[in-house]
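The values are calculated or read from the model by the stated rules, or taken from the named source; none is laboratory data. No experiment lies behind these values; they were computed from the predicted model shown. Ideal geometry is used to build each Cβ from the backbone, glycine not excepted, and the neighbour counts take in all protein chains shown. Only protein heavy atoms, including side chains, enter the accessible area calculation; ligands, DNA and RNA are left aside. Shrake-Rupley method; radii C 1.70, N 1.55, O 1.52, S 1.80 Å.
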Amino acid sequence: MGHNHGHSHGHGHGHSHGSGNKKALFLSFIIITIFMIVEVIGGLVTNSLALLSDAGHMLSDAAALGLSLTAIKLGERKASATNTFGYRRFEIIAASLNGITLIAISLYIFYEAYQRLMDPPEVQSIGMLLISVLGLIVNIIAAAILMKADKDSNLNVRSAFLHVLGDMLGSVGAIVAALLIMFFGWGIADPIASIIVAILIIISGWRVTRESFHVLMEGTPSQIDIQKVKETLQGIPQVEDVHDLHIWSITSEMPMLSCHIVFGGDGSHDAILHQAQKILHDEFGFEHSTLQVENADKGCASPHGTCNY
């Protein structure tokens, strides 16, 4: 009896979210990419360094959105003998890469701001203001599209949204700086605004990177209380112990669980198994769990004689 396992799978889980996320990322990618091309052409025609540098920021956004979109497309591939959970984990890899990129971008902004503080360049405030307003409008549209996607529970979409949000904050900072330069001649406003935005970006980048690494390290999902899960399972009639409990996630939307449940007395293996699966699904949202139900009289079936925690 100790070798029997129970499985629960949610085949339709997240399909509607997946299509919505893909559409939002694709539309945002198209909008950002088109505006980036317009900025590059405009920068070359007008010989505007401001246009070309802002196009560089847009390029990082387009790359982040493209990476996130690719991750979702890969995640749609079916599981195989070599990848039994499919390719959903690539979404977390994409999120971590986007988070690291956010940190790298903010460090580069710090460097550029330092150079400008040491040697303030001549800034054409009118051109800077026009570019910043256009960039803000484009990023607001892209952010609004991504807001309708599953950014709160999907780490991959959230990382792409933070890229766009970071660029949007950059546009706001540039608008404020351009106005200060226009009306007060404060050239130093440009690097100061950049530093403030860089601080906000690096905080967001660190959070995304930390969360994605937690998933990659098979950490317990932050929204799940492992002690509460254990106590709830132990509350099932005839259950004497729950051990070897492991909770992790393949992606931010796909929590997994495995554990051993020990029962005694006249408890029914199948009844306990089904009740445990229902609790895990209905109360904690587990679409996939693997349970080993053991009779207390026969002990744990581990070949080592004892189970891991």
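Some points to look at:
- If you go through segment 118-133 and pick out every residue that is more than 15 Å from G173 (Cβ to Cβ), open to solvent by less than 80 Å² (accessible area, probe 1.4 Å) and either at pLDDT 85 or above or assigned to a helix (DSSP H, G or I) (or both), you end up with 1.
- Unmet criterion (only one of (1) touching a residue at least 60 places away in the same chain (Cβ under 8 Å); (2) under 18 Å from S68 (Cα atoms)) for L107: (2)
- Criterion violated by V197 - all others in (1) open to solvent by less than 60 Å² (accessible area, probe 1.4 Å); (2) closer than 17 Å to A62 by Cα; (3) aliphatic (A, V, I, L, M) satisfied: (2)
- Taken together, the residues in segment 254-272 that are within 30 Å of S153 (Cβ to Cβ) and either assigned to a strand (DSSP E or B) or over 33 Å from the mean Cα position of the chain (by Cα) (or both) amount to 7.
- Residue within segment 218-235 that is modelled with pLDDT of 85 or more, in a helix (DSSP H, G or I) and within 30 Å of I72 (Cβ to Cβ) present: yes
- Candidate set: segment 77-117, residues that are under 19 Å from V215 (Cα atoms), in a loop (DSSP other than H, G, I, E, B) and not hydroxyl-bearing (S, T, Y); chosen: the one most open to solvent (accessible area, probe 1.4 Å): F85
- Residue within segment 105-124 that is under 28 Å from the mean Cα position of the chain (by Cα) and under 30 Å from S19 (Cα atoms) present: yes
- Hey, A189 touching a residue at least 40 places away in the same chain (Cβ under 8 Å) and closer than 30 Å to Q124 by Cβ or not: no
- In segment 134-161, the residues that are in contact (Cβ under 8 Å) with a residue 24 or more places away in the chain, surrounded by fewer than 16 Cβ atoms within 10 Å (Cβ to Cβ) and among the small types (G, A, S): S153
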